[in-house]
Amino acid sequence: MYIQTHIHALWAKTRNNKAIYGFFFSIFYIYMSYLIRNLLQTDYSPELFELLAQLTDCPPISKEEYEQFIDLLGTQHQVVCMVTEKNQIVAIGTIIIESKLIHGLGKVAHIEDIVTDSKFRSQGLGAQLINYLVGKAREAGCYKVILDCSEHNIGFYSKCGFEKKGVQMAQYFL
Ligand SMILES: CC(C)(COP(=O)(O)OP(=O)(O)OC[C@H]1O[C@@H](n2cnc3c(N)ncnc32)[C@H](O)[C@@H]1OP(=O)(O)O)[C@@H](O)C(=O)NCCC(=O)NCCS
């Protein structure tokens, strides 16, 4: 009750002041802590597929198929997620490290399938996840990290330090 009263008093004082209002919400988000970790066998749940379906077509697969997929992951192919203290996955992304014959056996990192749950967007989580994956690319000794995105996400990736380069081409079989 004490805290609630003070929050209401602070809200009344700050609602007409954008800077203080932003500060107030920053403090709130600092108290919400998230962990970034690799996706695990135990993460199989309808919510995981609902999150991925916010990115693209993602019908559920069986638990067995999911476990086989997780078994294939390793240092060259990682699926990383951001979870709340209650272990709810709120953002997810993939990194694939490609070893090349060119550039003296150089390595290139590919970032794929980034999505933040719609209820958790605009809190900086997507940027934190990208930052983490870019760090993994650096640690692996990659000479560059690349990704494809739609026009409307260019602003997001620009804020994460990416720049437009080349042209994407594709052949779809399905
Ligand atoms: C794109 C997406 C991952 C961004 O996640 P998010 O957690 O909301 O992003 P963040 O809060 O970390 O945003 C970081 C910055 O980018 C900006 N931003 C986010 N999405 C943006 C967009 N589409 N265009 C321009 N800027 C954007 C934010 O305003 C923020 O700016 P700030 O630092 O000045 O405040 C999220 O909108 C999403 O999951 N979209 C649906 C799936 C998708 O399109 N994934 C990308 C596949 S390539």
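When F173, F120 are ordered from fewest to most other Cβ atoms inside 10 Å of their Cβ, what list results?
Working: F173 3, F120 19.
With the sparsest Cβ surroundings first, the list reads F173, F120.
Which distance in nm do the two modelled labels at F173 and Q54 give, with both placed 7 Å along the Cα-to-Cβ direction?
For F173 paired with Q54, the spin-label model returns 3.1 nm.
So who's got an amide H within less than 5 Å of the one on A91, skipping anything under 5 residues away but keeping other chains? H placed 1.01 Å off N, in plane.
For A91, the qualifying residues are M82, D117.
What is the sum of charges, Lys and Arg at +1 and Asp and Glu at -1, for the other residues whose Cβ falls under 15 Å from the Cβ of T42?
Values: positive: R37, K63, K86; negative: D43, E47, E64, E67, D71.
Residues near T42 contribute -2 overall.
Using Cβ contacts closer than 10 Å as the measure, can you line up S33, S158 from fewest to most? Before the final figure, lay out the partial values.
Details: S33 8, S158 11.
In order of increasing Cβ crowding within 10 Å: S33, S158.
In vacuum, with every alpha carbon of the stretch 34-159 counted as one equal point scatterer, what does the Debye formula give for log10 I(q)/I(0) at q = 0.15, 0.18, 0.20 Å⁻¹? Two decimals, please.
-0.73, -1.04, -1.24
So if we plug the beta-carbon distance of K164 and N131 into 1/(1 + (r/R0)^6) with R0 = 22 Å, what FRET efficiency do we get, rounded to 0.05? Don't skip to the end; give the middle numbers.
Details: r = 19 Å, r/R0 = 0.88.
The calculated FRET efficiency here is 0.70.
Using θ = phi - 60° and the Karplus relation 6.51 cos²θ - 1.76 cosθ + 1.60, list the HN-Hα couplings for the stretch 89-98 in order, rounded to whole Hz, with x at every Gly or Pro.
Values, residue by residue: 7, 10, 7, 8, x, 10, 10, 10, 9, 9 Hz.
Give the order of T75, T94 when sorted by the count of other beta carbons within 10 angstrom, beginning with the fewest. Before the final figure, lay out the partial values.
On the way: T75 10, T94 17.
Exposure proxy ranking, most exposed first: T75, T94.
Report ³J(HN,Hα) in whole Hz for each residue of the stretch 136-145, in order, from the Karplus equation J = 6.51 cos²θ - 1.76 cosθ + 1.60 where θ = phi - 60°; Gly and Pro get x.
Karplus values, whole Hz, x for Gly and Pro: 5, 4, 4, 4, 6, x, 5, 8, 7, 10.
Calculate the dipole size of the stretch 34-159 relative to its Cα centre from +1 charges on Lys and Arg beta carbons and -1 charges on Asp and Glu beta carbons; express the result in debye to the nearest 20. Please list the in-between numbers first.
Details: 11 positive and 16 negative charges, 136 e Å.
Charge dipole, the stretch 34-159, about its Cα centre: 660 debye, nearest 20.
How many angstrom separate the Cα center of the stretch 28-84 from the Cα center of the stretch 131-172?
Between the Cα centres of the stretch 28-84 and the stretch 131-172 lies a distance of 20 Å.
Ratio of Rg to Rh for the stretch 32-107, alpha carbon only, Kirkwood? Walk me through the intermediate numbers first.
On the way: Rg = 14.6 Å, Rh = 13.9 Å.
When Rh is taken as the Kirkwood radius, the ratio is 1.05.
The numbers here are math on the coordinates, done by the rules we state, and not lab data. The structure presented is a predicted model; accordingly, all values stated were derived computationally and were not measured. Please note: Cβ atoms are built from the backbone with ideal geometry, for glycine as well, and neighbour counts cover all protein chains shown.
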